[in-house]
Amino acid sequence: MAFANRDLTGIQDFTRDELMYVLDKAALMKQALHARKVDRYRLAAGKDLLAALLFYENSTRTRTSFEVAAQRLGMNVTGFAGVDGTSVKKGESLRHTLDMYEAYQCDCIIMRHPLDGSARFAAEHLGIPIFNAGDGKHEHPTQTLLDLFTIREHLGRLDDFDMGISGDLKFGRTAHSLAIALTKFTGVRLHLFSHPSLAMPQELLELMQEAGVEVTVYPTLTEAAQKTDVLYQTRIQKERMPDLTEYDKAKSISEFTSKIMEKTRDGFGLMHPLPVDKAAPSIAAELDKHPKALYKIQAGNGVPTRLTELALALGLMGNDFNGEVFRESVCSDDFVELLPIKDKPPRKDVSIRPIRNNGVVIDHMAPYMEEILTQVLKVRERRDIYRAATVKAASRPDSKESIKGMLMIEDRTLTENELKIVASVSPGCTVNIIENGTVTFKYQLRLPDRVCDVPGMMCTNKGCISRPEHQESVSPRMVKVGDSRVKCYYCEQVMNTSQIV
Ligand code: CP
């Protein structure tokens with residue numbers, strides 16, 4: 001079955017067919033719940049299934065709607081709502097806490113955690129389905145399913161419409177997951193508004209543009225709202241902002257007021273993942289009963305959508321799905337290309353002494369990368385004799401790349417693992433193996449599909465679960481996203497390879 005035992009950690013891991021199937025099933029569940037047709041939704045009755053809800057951060061809607069959904073399905077629930085009273089307060093790691101709930105034979109885990117990528121770590125660590133109920137500023141995919149459900153319920157479609165997202169586009173995980181989900185549909189025109197300090201991350205804008213989503217950024221909330229069929233307003237995430245002076249500026253321009261509502265299209269719908277902060281309202285309170293305000297219905301849709309997600313992951317429905325199934329892209333371990341060796345006389349103008357006997361020359365690196373390579377290859381710890389410099393590239397003296405990094409190490413060969421490390425931090429470089437003063441092998445290195453085991457490697461996102469300061473013992477892992485860019489396997493932060501060590 002396509003859905004059984006699947007994790008729900010990121011919305012990208014679902015095809016359009018799969019998303020539509022979940023929404024169709026959720027619509028049936030909503031009808032059954034409203035009509036109290038118990039036999040149509042109590043699919044886990046008599047099966048002794050147990051859901052663990054591990055909420056390290058505050059929540060009203062996500063936790064309660066998952067709990068209600070599990071109970072309506074016929075499951076039992078356990079877990080915690082906030083870490084007070086748990087051994088997290090005694091310093092227990094996420095890994096150990098997860099292990100406990102697996103040891104108690106829970107059938108799935110629904111977790112909210114402040115660190116980006118924590119849900120992907122949990123999914124990698126445990127064999128039971130993990131539901132990401134919000135991981136730091138990264139994603140909130142089960143919110144997105146109820147958001148898509150609400151948009152489709154209101155407009156009757158998810159293609160060819162004007163969607164607005166406003167408020168906190170930088171730290172707001174609901175905005176991130178929704179933006180990613182919109183790339184699965186066609187003809188979506190996305191209208192964005194935020195204070196400039198809370199703009200949508202560049203990598204998400206790139207993802208949307210590559211998928212054909214037409215993105216426009218507006219200077220005011222009114223202008224964005226006027227252009228949309230549905231506007232998704234979000235709370236400024238004060239608790240995630242490092243600079244609170246920016247918070248004050250952002251909140252002063254981010255309230256959706258009655259005046260703005262008056263300028264919206266007929267049939268417009270105002271959405272919000274909630275909560276609204278009453279001290280800095282992202283929606284004026286007088287709009288709560290406005291016919292265009294959808295956010296109460298939206299929150300209610302959390303129960304049928306999450307009930308459906310639980311039932312699918314636990315294999316209680318999903319047999320009749322026959323659409324496109326999501327597949328992870330296949331990773332290749334091929335990163336080395338053997339180059340022909342040109343029989344050239346030794347250059348006279350070289351500024352560093354060549355290797356006269358045996359050794360390795362790493363050439364055509366980005367300028368100043370040689371210092372980083374001496375670290376990752378532990379040249380000094382091994383007490384290798386080496387020469388490292390950024391020099392003029394004789395082959396392209398007039399190009400922008402007229403300088404390059406070089407590292408020569410005497411009496412050293414590189415293992416396959418070391419070649420992979422070099423390829424990871426300096427893709428595109430060449431490696432010459434020297435024996436008795438002549439080049440015996442010449443390689444060009446490409447960025448490997450999977451980057452790990454690089455000494456000193458770290459995700460640049462300080463909120464990532466893999467950062468050492470969080471003491472979660474999660475080794476950093478990256479995956480290739482371009483010729484010289486990688487993204488963190490856990491939090492999906494995109495980085496240049498030169499930034500990873
Ligand atoms: N939308 C949402 O995540 O709300 P809660 O924080 O109340 O769960």
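Accessible surface for Lys404 stands near 20 Å², nearest 10, in the context of the full protein assembly shown (1.4 Å probe). Cα centroid separation, the stretch 411-458 to the stretch 219-288: 51 Å.
The helix-based estimate of mean residue ellipticity at 222 nm for the chain, built from -39,500 (n - 2.57) per DSSP H run of four or more residues and divided by its residue count, is -8500 deg cm²/dmol to the nearest 500.
In this simple spin-label model, placing a label point 7 Å from the Cα along the Cα-to-Cβ direction at both Asp160 and Thr15 gives a separation of 2.3 nm. Net charge dipole, the stretch 212-272: roughly 100 debye, given to the nearest 20, about the Cα centre with Cβ charges of +1 for Lys and Arg and -1 for Asp and Glu.
Taking 0.36 nm per residue of separation and subtracting the current Cα-Cα distance, fully stretching the chain between Glu124 and Glu210 would add 28.1 nm.
Between the beta carbons of Ser197 and Lys89, assuming R0 = 35 Å, the FRET efficiency works out to 0.55 to the nearest 0.05.
In terms of distances greater than 24 angstrom between alpha carbons, the cross-link table entries Lys238/Lys263; Lys184/Lys263; Lys259/Lys296; Lys238/Lys278; Lys227/Lys289; Lys30/Lys137 yield Lys238/Lys263; Lys184/Lys263; Lys30/Lys137.
Rolling a 1.4 Å probe across all protein chains gives Cys459 an accessible area of roughly 0 Å². The mean sequence separation of alpha-carbon pairs under 8 Å and at least six residues apart, normalised by the residue count of the chain, gives a relative contact order of 14 percent. Taken over the stretch 336-448, the convex hull of the Cα atoms encloses 101 Å³ per residue. Among the cysteines of the chain, Cys106, Cys108, Cys331, Cys429, Cys452 have no other cysteine beta carbon within less than 4.7 Å of their own. With a cut-off of 16 Å on the backbone N, the residues of the stretch 74-116 near the modelled label site 7 Å out from Lys47 along Cα-Cβ are 74-77, 106-110. The phi-based Karplus calculation (6.51 cos²θ - 1.76 cosθ + 1.60; θ = phi - 60°) puts the 3J(HN,Hα) values of the stretch 253-261 at 10, 10, 8, 8, 9, 4, 4, 5, 4 Hz, whole numbers, x for Gly and Pro. What a 1.4 Å probe finds exposed on the chain is 49% carbon and sulfur by accessible area, rounded to a whole percent. Full extension of the chain between Thr390 and Asp24 yields a length gain of 125.8 nm, computed as 0.36 nm times the residue separation minus the alpha carbon distance.
Tally Lys/Arg at +1 and Asp/Glu at -1 over every other residue whose Cβ is under 10 Å from the Cβ of His138; what's the total? Result for the neighbourhood of His138: -1. For the chain, the Cβ-based charge dipole about the Cα centre amounts to some 480 debye (Lys, Arg positive; Asp, Glu negative; other atoms uncharged). Considering only C-alpha atoms, what is the centroid distance from the stretch 1-22 to the stretch 187-214, in Å? If we compute the Cα centre of each part, the gap is 23 Å. Per-residue accessible area (protein heavy atoms, 1.4 Å probe) orders Arg235, Arg265 as Arg265, Arg235, starting from the largest.
Couplings 3J(HN,Hα) for the stretch 74-89, derived from phi with the Karplus relation 6.51 cos²θ - 1.76 cosθ + 1.60 (θ = phi - 60°), are x, 9, 9, 10, 9, x, 9, 10, x, 8, 4, x, 10, 6, 4, 5 Hz, where x marks Gly and Pro. All other residues whose Cβ lies under 14 angstrom from that of Val188 are scored, Lys and Arg at +1 and Asp and Glu at -1, for a net of -1.
Full extension of the segment from Arg485 to Lys289, taken as 0.36 nm per residue of separation minus the current Cα-Cα distance, would add 65.8 nm.
Rounded to the nearest 20 debye, the dipole size of the stretch 1-124 about its Cα centre is 580 debye, using +1 on the Cβ of Lys and Arg and -1 on the Cβ of Asp and Glu. A 1.4 Å probe run over the chain, with the rest of the protein chains in place, finds 46 Å² accessible per residue.
The values are calculated or read from the model by the stated rules, or taken from the named source; none is laboratory data. This one's a predicted model, so the numbers in the text were calculated from it and none came from an experiment. All Cβ positions, even for glycine, are placed from backbone atoms using ideal geometry, and neighbour counts span all protein chains on display. Calculation scope for accessible area: heavy atoms of the full protein, side chains included, ligands and nucleic acids excluded. Shrake-Rupley method; radii C 1.70, N 1.55, O 1.52, S 1.80 Å.
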